[in-house]
Amino acid sequence: MVDDVELNRELLRDMLENVYVVETAQDGQEALEKLEEHQTELAALLLDLRMPRLDGFAVIEEMKRKRWMERIPVLIISGEHGVEVENQCLELGVSDFIHKPFEGSVVKNRVKNVIELFRCKNQLERKVREQAERLERQHQIIEQQAEKLQEAKSFSRLMLEYQSAIMEVETRLKVLNAEFSQEYKRNPFEAIKSRLKSPESIYEKLDRKGYPVTMDSIREHLTDVAGLRVVCAFPDDIYRLAELLTRQDDIMVLRRKDYIKNPKDNGYRSLHLILSIPIFLPDGKKYVKVEVQFRTIAMDFWASVEHKLKYKKDVANAEEIVEQLKICADSIEDLDYQMQEIRNRIDNARD
Ligand code: 0O2
């Protein structure tokens, strides 16, 4: 309750004190200071208009600016009866008037009614706000799910492209195998193994290399999503087959790593090609990257055993195993070339 006349403050306090906790201020300035501190605890503000320092209109203006009027009902306590002033106050958003001299039951009833009305209004507004927030959250969830669905769709579509590229390379290799076997009376490769990189491995590799996990990033930065392993009996078949495949005029060789001529320190020997190969989809031709590894049967056996070591933790005497594997890899090279030599001698013999 804000009034500069002490008698008015005491009168109103007497009328309301048995129902409400009454806090008073003697001018607009003090009222705003108390409002700043207690505005969440106030049920209503009884406000005089004519006061020193800061008048009632200035308090209303400030309350409107701070949006306190939306929560706290303001009742004007004033000796003024002019329609003009009342209208001005109503336009500013005050809830009711209590005219001086004060009549106890009228004061109590007007205060009670305004507080009740505001309580209902605030409850309703809170419910509407909560409902709107719930709807917003649901909307966000639906949007996220739609996005995931979209991502899943484009990911499956991308995987389909890589799968098509695997099939394309596999078919070309099989055709070469058939032609080669007609000419040389033997197959240049024993087996083709293929695999599509798993979503977990794709994510792990992009993340490890610091690239974003997006469809464009997969296309740009990964070269081994589609992978083929061609297992040949003899080292010279590897080069012959690789040459026949890469000679095809619509295939581009993006990278070539010859670990047969330049074996890795651990003894690993294979020929790796990163190819860009066209695939034909309903919406046109597309180039897709494929990794093709060529190795001998013996080296394939070696690599599968050695690969296990990479994924095992705490292997006892791991260094000794690495050395042993290196010795085996060197023996395999010896063996591969000896077998090739034997094959050549058999081939050169007359039927
Ligand atoms: P996984 O589990 O077989 O897929 P890059 O792929 O280009 O980022 P890097 O190392 O430059 O990495 O390529 P590189 O040397 O051509 O090796 C690619 C793949 O060849 C490997 O894939 C292995 O499959 C195989 N490879 C390379 N070195 C070795 C080796 O020492 N031992 C064995 N067993 N396999 C090898 P990932 O992704 O490393 O493994």
Residue check, Lys286 farther than 18 Å from Ala191 by Cβ, within 16 Å of the ligand (Cβ to nearest atom) and either surrounded by fewer than 20 Cβ atoms within 10 Å (Cβ to Cβ) or within 36 Å of the chain's Cα centre (by Cα) (or both): no
Residues located in region 192-233, provided they are farther than 17 Å from Tyr287 by Cβ, of a type in the set (D, E, K, R) and in a loop (DSSP other than H, G, I, E, B): Lys197, Lys209
Any hit, region 261-268, residues being under 17 Å from Ala329 (Cα atoms), touching a residue at least 40 places away in the same chain (Cβ under 8 Å) and polar (S, T, N, Q): yes
Which listed residue is away from the ligand (no atom under 11 Å from the Cβ) and within 35 Å of the chain's Cα centre (by Cα), from Ile279, Ile274: Ile279
Test: Leu196 is farther than 21 Å from Ala298 by Cα, hydrophobic (A, V, I, L, M, F, W, C), surrounded by 13 or more Cβ atoms within 10 Å (Cβ to Cβ) and away from the ligand (no atom under 14 Å from the Cβ): no
Index of the failed condition, Leu173 passing every other in (1) over 36 Å from the mean Cα position of the chain (by Cα); (2) in a helix (DSSP H, G or I); (3) more than 18 Å from Glu291 (Cβ to Cβ): (3)
Where a residue in region 293-306 is under 14 Å from Gly267 (Cβ atoms) and touching a residue at least 60 places away in the same chain (Cβ under 8 Å) and its partner, wherever it lies, is within 11 Å of the ligand (Cβ to nearest atom) and not in a strand (DSSP E or B), with Cβ under 6 Å and at least six apart: Arg295/Ser270
Number of positions in region 103-155 that are at pLDDT 90 or above, among the β-branched types (Val, Ile, Thr) and over 30 Å from Ser78 (Cβ atoms): 1
Any pair with Cβ under 7 angstrom, 6 or more apart, that starts in region 213-224 at a residue that is touching a residue at least 60 places away in the same chain (Cβ under 8 Å) and ends at one that is part of a loop (DSSP other than H, G, I, E, B) and surrounded by 16 or more Cβ atoms within 10 Å (Cβ to Cβ): Ile218/Val225; Asp224/Lys197
Strands (runs of 3 or more DSSP E) enclosed by region 244-310 - at least 2 residues per element that are within 22 Å of Met339 (Cα to Cα) and in contact with a Leu (Cβ under 9 Å, 6 or more places away or on another chain): 284-296
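The values are calculated or read from the model by the stated rules, or taken from the named source; none is laboratory data. None of these values were measured; they are calculated from a predicted model. Virtual Cβ from ideal backbone geometry, glycine too; neighbours counted across all protein chains shown.
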